[in-house]
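Before any comments, here is the structure.
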Amino acid sequence: MVHPLHESTEMPSELKTPSSVAPLPPGAKQASAGATVLMIDDEKLNSFVVAVYLKAAGYRELVHTTDPMNAISLATKLRPDIILLDIEMPRLSGIELLRRIRADESLADTVVVILSATDDEQIKSQAIALQVSGFLRKPIRKNELLAALESASAAARAPACQGH
């Protein structure tokens with residue numbers, strides 16, 4: 001199931017105005033706030049939390065799917081700047097989905113940030129080998145999320161190293 005998370009999306013009341021989410025000061029803006037973010041996570045609550053955090057930081061486009069089986073076709077159509085990817089999902093693991101993302105020519109260079117509650121070093125090693133841009137441990141914290149997205153976006157915008 002695909003859920004675009006825009007202002008019109010109804011969020012549970014406890015997530016509409018969480019005390020831990022403060023808007024940025026007037027005039028402040030995340031450099032990556034114009035980025036399109038695709039979140040692939042089987043837990044809707046995680047997506048609502050991320051949507052609240054990103055909206056407060058000025059992000060305009062977050063699309064979420066709970067179904068990892070349709071994530072590749074959705075990503076191909078959407079062409080996101082950043083993918084937030086859960087590792088532990090039913091039917092298809094995040095690592096397998098990451099392999100498919102890297103194997104797809106149109107998605108291979110997409111910035112991917114892993115979201116996970118696991119501390120499994122083998123999973124982290126596999127993700128690193130598949131060139132993830134970052135890891136975020138659940139529960140997701142606003143400052144860590146925004147820093148990871150900003151860092152990943154900056155790395156993606158940096159010119160490739162020449163002469164090596």
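The values are calculated or read from the model by the stated rules, or taken from the named source; none is laboratory data. Quick caveat: nothing in here was measured; it's all calculated off a predicted structure. A quick note on method: Cβ atoms are made from the backbone with ideal geometry, for glycine too, and the neighbour counts reach across all protein chains shown. The area values use the complete protein model at the heavy-atom level, side chains included, leaving out ligands, DNA and RNA. Shrake-Rupley method; radii C 1.70, N 1.55, O 1.52, S 1.80 Å.
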Across the range 42-90, the tally of residues that are under 14 Å from Arg100 (Cβ atoms), open to solvent by 20 Å² or more (accessible area, probe 1.4 Å) and in a helix (DSSP H, G or I) stands at 6
Only one of these conditions is not met by Gly27: (1) at negative phi; (2) at pLDDT below 90. Which number is it?
(1)
Which of (1) small (Gly, Ala, Ser); (2) exposed (fewer than 12 other Cβ atoms within 10 Å of the Cβ); (3) at pLDDT 90 or above is the odd one out, the single condition Ser19 does not satisfy?
(3)
Using the structure shown, decide if Leu98 is farther than 26 Å from Ala56 by Cβ and not in a helix (DSSP H, G or I).
no
Quickly run through the range 130-151 and pick out the residues that are part of a loop (DSSP other than H, G, I, E, B) and open to solvent by 50 Å² or more (accessible area, probe 1.4 Å).
Gln131, Ser133, Pro139, Arg141
For the subset of the range 118-129 comprising residues that are of a type in the set (A, V, I, L, M, F, W, C) and buried (at least 16 other Cβ atoms within 10 Å of the Cβ), which member is farthest from the chain's Cα centre (by Cα)?
Ile123
Of all residues in the range 110-151, how many are under 17 Å from Ile40 (Cα atoms) and among the charged types (D, E, K, R)?
2
Flag if Ile140 is in contact (Cβ under 8 Å) with a residue 40 or more places away in the chain and within 22 Å of Leu62 (Cβ to Cβ):
yes
Residue list for the range 101-117, filter: open to solvent by less than 30 Å² (accessible area, probe 1.4 Å) and not in a helix (DSSP H, G or I)
Leu107, Ala108, Thr110, Val111, Val112, Val113, Ile114, Leu115, Ser116
With the structure loaded, tell me whether Ala154 is open to solvent by 40 Å² or more (accessible area, probe 1.4 Å), touching a residue at least 40 places away in the same chain (Cβ under 8 Å) and part of a helix (DSSP H, G or I) or whether it fails that test.
yes
